[in-house]
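The values are calculated or read from the model by the stated rules, or taken from the named source; none is laboratory data. Note that the structure is a prediction, hence the values are computed from the model and not measured. Here the Cβ is made from the backbone with ideal geometry for all residues, glycine too, and neighbour counts use every protein chain on show. Please note that ligands, DNA and RNA were not included when accessible areas were found on the heavy atoms of the full protein model with its side chains. Shrake-Rupley method; radii C 1.70, N 1.55, O 1.52, S 1.80 Å.
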Amino acid sequence: MRVLVVGSGGREHALAWKLSQSPGLSALFVAPGNGGTQKVATNLACDITDNDAVVALAREHEIDFVVVGPDAQVVQGLGDAVRTAGIDCFCPSAAAGQLEGSKSFTKALCDEMGIPTAAYRKFDAAQPALGYIRGHKLPVVIKADGLALGKGVTVATTLADAEHAVTDCFSGTFGAAGASVVIEDFLEGEEASFFVLCDGEDILPLATAQDHKRAFDGDMGPNTGGMGAYSPAPVMTPEITARAIREIIEPTVRGMKARGTPYQGVLYAGLMLTADGPKLIEYNARFGDPETQVLMPRLKSDLLELLLATARGGLGGKTAEWRDEFALTVVMATQGYPSSYPRGSEIRGADVLDADDLIVFHAGTRRDGDRLLANGGRVLNVTALGATVATAKQRCDSSTASIDWPEGFHRHDIGWREVLRERNAALDR
Ligand code: AMP
Ligand code: GLY
């Protein structure tokens, strides 16, 4: 089978790395890819914001199966375009991708299906929204309705911050994404991510993870796409997981099918584990980045087979096998990220590290002859396996230390909640 992965981040390198091990694979391409994907696949230049260009590329290379990574391509309807061309595609329809593309769509589905989530109101104009927050208790959460590159959410602890967030949204900071705003109650608890494959009808729960969205140690600094992650997340106990499936995932899949827009793809549920049980914070209609980088090294099953069953129907009865170890990934980013940053600085020592329990996934990199250059904000994902989160983290730490890249930075406390719990559990023994 000839497979094309669409995207250029660490998520796509991790997917391509895992797909490259599939017995059913005959050729693997990544469009546009990065300096890491070219080690496991052939990179193809392509403007992936153009559905027709991706379809033409797939035809030219006689692709049998397209795997779409990023959210923007889900929302722009790349899955529909590829399927219309008669090619199998792992990507929800644009209609089903609304679960990520519109906060108010997901909130309405939660209302309809009785899915636990924060209470909310939706507003299409600033004045009523401002009136609402003035009577709301703090903290309060303000969200641009549409896709805003992870920057459309403000957890406001003061009325001034809340007012500013509302005015900001309606003044066009997020373009069309901010034309309406969802204002919701603040949920207290620990966050966890849960990944489930859905073929429109049946589901296959994959795994749990926890990521770190702030740029700096101690969960300080600006929000980013994610500075590191680990999997599994033991806070997602088997009981909580079963509850999340029963109360959140299954009603979502049923509701989407009943609306005539069955969900086919990976459903990434961002959950808040509250005192009243798991509640849905948000859905993403794609794999997480950097969570995929910790899921793929743990997956023992054939990824190609699972993604194909998702795309074609037939997940019922399938299982996924996982390694027992924890996986942890540390993102190395260019200094300045998530604001502005330069491109083109040289990274030394990253290519020699790969081993059975250590993989360096690439995100924003490119090769210039023998040299590896930074070509983005998030640049490398140093990923390790270990019997505990602490051991996986130690492996990552010694590897990041051996990478020579003065222009980069990374966090030193990825997985801190679990490292602390492991330490406390050891003290209790
Ligand atoms: P979202 O893009 O909806 O996942 O929101 C980004 C982040 O904002 C989440 O990962 C949470 O940390 C935080 N957040 C969003 N909604 C809430 C909420 N209702 N209560 C508490 N924190 C929230
Ligand atoms: N790691 C967060 C995301 O993929 O949205």
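For the reader, a short list of remarks on this structure follows.
- Whole-angstrom gap from the range 97-158 to the range 347-408, using each part's C-alpha centre: 37
- By definition, a body whose alpha carbon gyration tensor gives a ≥ b ≥ c is oblate when a/c is 1.5 or more and a/b is not larger than b/c, and the range 161-276 fits this oblate description.
- For the peptides 14-21, 279-286, the ranking by packing is 14-21, 279-286, with the highest mean count of neighbouring Cβ atoms within 10 Å listed first.
- Largest accessible area first, the residues HIS410, HIS13 order themselves as HIS410, HIS13 under a 1.4 Å probe with ligands, DNA and RNA left out.
- Amide hydrogen proximity for GLN335: with H placed 1.01 Å from N in the peptide plane, the residues at 5 or more positions away or on another chain lying under 5 Å are GLY408, PHE409.
- Only one residue of GLY218, ALA207, PRO251 has its Cα farthest out toward the positive end of the dipole of the range 187-270, where Lys and Arg carry +1 and Asp and Glu -1 on Cβ, and that residue is PRO251.
- Carbon and sulfur %, accessible surface of the chain computed with the full protein complex present, 1.4 Å: 50
- From its DSSP helices (H runs of at least four residues, each -39,500 (n - 2.57)), the chain gives a residue-normalised ellipticity at 222 nm of -8500 deg cm²/dmol.
- In terms of its C-alpha gyration tensor, the chain has a rounded overall shape, because the principal axis ratio a/c (a ≥ b ≥ c, square roots of the eigenvalues) stays below 1.5.
- Farthest positive-ward along the range 1-146 dipole, Cα basis, beta-carbon charges - from GLY131, SER22, LEU99: GLY131
- Charging the Cβ of each Asp and Glu at -1 and of each Lys and Arg at +1, and nothing else, the dipole of the range 90-203 about its Cα centre rounds to 500 debye.
- Magnitude of the charge dipole for the range 189-344, about its Cα centre and with charges confined to Cβ atoms of Lys, Arg (+1) and Asp, Glu (-1), is about 420 debye.
- Candidates per GluC sites (Glu not before Pro) in the range 298-387, loop by DSSP, up to 16 other Cβ within 10 Å: GLU321
- A simple packing score, the average count of other Cβ atoms within 10 Å per residue, orders the peptides 187-196, 252-261, 43-52 as 187-196, 252-261, 43-52, with the highest score first.
- In the range 294-357, taking the dipole from charged Cβ atoms about the Cα centre, the farthest positive-side position among LEU295, ALA320, ALA309 is held by ALA309.
- Heavy-atom accessible surface of the chain, averaged per residue, reaches 39 Å², computed with a 1.4 Å probe.
- Shape of the range 307-429, Cα gyration tensor, a/c cut at 1.5: oblate
- Rel. contact order, % - alpha carbon contacts under 8 angstrom, at least six apart, the range 190-237: 32
- Centroid-to-centroid separation of the range 245-269 and the range 172-190 [C-alpha atoms, Å]: 22
- Environment charge at GLU250 (Cβ cut-off 12 Å; Lys +1, Arg +1, Asp -1, Glu -1): +1
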